[in-house]
Amino acid sequence: MALPGLGAPIMASAADLPDWAKRSTNLANAAIGAKALFATDEFFAPLERMLNPEPAVFTPGLYDDHGKYMDGWETRRKRTTGYDWSLIKLARAGVIEGFDIDTSHFTGNYAPAVSIEGTACDSDDPEVLKQAEWTTLLPSTSLKGNSHNLVKIANTQTWRVLRINMYPDGGIARLRVYGRPMGVFDYSQPNTIYDLIALENGGRAVAWNDAHYGEPTNLIMPGRGINMGDGWETRRRREPGNDWCILQLGAAGIVESIEIDTAHFKGNFPDRFSIQAARMEGGTDQSVITQSMFWDYLIPEQKLSMDTIHRFKEQVLNIGAITHIRLNIIPDGGVSRLRLWGRVVA
């Protein structure tokens, strides 16, 4: 059963997300702070695996003391009445657009149905949360095994903790909670400096021409990259031109300084980079891509070095408030992280 007027769950591959998901942040991403708080049962696989930002994997022949190793949250076969449920805390309080309840590799053991409730209570204590006021965000909804079950919801309130009800038992590989983080920026303090592009602050990757070795979303993850795979890296360019990606800031802001980190990239870092930027109101991602080549420069071409955090302040041009950037790497290569330090504007 789906929400009235929203249709049944959509079955899709991870790369085939609807626009509402593509334009959102996964608020259940453990890499930016989402936490597994409680589960009624974790016999076959712990709840925390369900929040792993990496795609679920299946390893034939791998068993542990409880049976077949499954990459997700899996409970034992229930032999009593009732159902299993869990509590997860989102990385940020946010407005939720919809869910991807991913049952990849769960075939004879997936959860037949789920419902999801939300609360604004900011506690980590399961006992406190059990007494909180809960609102149904997704009524009981049938799932398909080994599938991305994508469901859009209609709700404009802000939620902090979710309760996942699994009827009656089984497994879920991954839960993606697509939405917009709220309350990240304090507009009453206009001089506060934020990383405007950070994933945990609502930044997102919009488009790119190549991501052969690593996704642009890695650029805005927390911390330094742990290896070359934890960054954005393109294939070796064999034709004229340069590689690029477009990212959207978490909020409109004025950039005052830039950090670009080539951690672990030594024989394959870009020779140079530049950033173009603009304030885009409305429109689609495709319209942003089309216009991006004509945007003003936020920072003109600068040389890069291997395995280094590069910091730029004087070179950053004052072009006013922006919402999107186009990172040009010349001609190709890999970048680990990008930080845009600045002030938000109303």
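General remarks:
- Residue satisfying condition, being surrounded by 22 or more Cβ atoms within 10 Å (Cβ to Cβ) and more than 23 Å from the chain's Cα centre (by Cα), within set 327, 249, 298, 340: 298
- Screening 187, 167 for residues that are out of contact with any Leu (no Cβ under 8 Å at 6 or more places or on another chain) and outside the structural domain of residue 28 (by TED's automatic domain parsing) leaves exactly one candidate, 187.
- Any hit, region 262-274, residues being among the charged types (D, E, K, R) and in a loop (DSSP other than H, G, I, E, B): yes
- Some residue of region 182-199 being part of a strand (DSSP E or B), in contact (Cβ under 8 Å) with a residue 24 or more places away in the chain and of a type in the set (Gly, Ala, Ser): no
- Against the test of being under 14 Å from residue 253 (Cα atoms) and out of contact with any Lys or Arg (no Cβ under 9 Å at 6 or more places or on another chain), the options 335, 344 yield a single qualifying residue, 344.
- Filter result (under 25 Å from residue 142 (Cβ atoms) and without any contact (Cβ under 8 Å) to a residue 40 or more places away in the chain) within region 54-100: 68, 79, 80, 81
- Qualifying position, being crowded, with 16+ Cβ neighbours inside 10 Å and modelled with pLDDT under 95, among 31, 56: 31
- Residues located in region 301-324, provided they are closer than 17 Å to residue 265 by Cα, assigned to a loop (DSSP other than H, G, I, E, B) and within 28 Å of the chain's Cα centre (by Cα): 304, 306, 307, 308
- Residues that are part of a loop (DSSP other than H, G, I, E, B), out of contact with any Lys or Arg (no Cβ under 8 Å at 6 or more places or on another chain) and either modelled with pLDDT of 95 or more or among the polar types (S, T, N, Q) (or both), drawn from region 79-107: 80, 81, 82, 83, 105, 106, 107
- Residue that is surrounded by the most Cβ atoms within 10 Å (Cβ to Cβ) [pool: residues in region 212-222 that are part of a loop (DSSP other than H, G, I, E, B) and without any contact (Cβ under 8 Å) to a residue 24 or more places away in the chain]: 215
Results for (1) surrounded by fewer than 17 Cβ atoms within 10 Å (Cβ to Cβ); (2) within 23 Å of the chain's Cα centre (by Cα), shown as yes or no for each residue.
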{"position": "267", "(1), (2)": "yes, no"}
{"position": "272", "(1), (2)": "yes, no"}
{"position": "276", "(1), (2)": "no, no"}
{"position": "283", "(1), (2)": "yes, yes"}
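- Residue satisfying condition, being crowded, with 16+ Cβ neighbours inside 10 Å, in contact with an Asp or Glu (Cβ under 7 Å, 6 or more places away or on another chain) and hydroxyl-bearing (Ser, Thr, Tyr), within set 119, 141, 135: 119
- Taken as a whole, the structure places residue 259 among residues that are closer than 25 Å to residue 345 by Cβ, out of contact with any helix residue (DSSP H, G or I) (no Cβ under 9 Å at 6 or more places or on another chain) and not small (Gly, Ala, Ser).
The values are calculated or read from the model by the stated rules, or taken from the named source; none is laboratory data. Here the structure is a predicted model, which means the values were calculated and not measured. Positions of Cβ are backbone-derived with ideal geometry, glycine not excepted, and every protein chain shown enters the neighbour counts.
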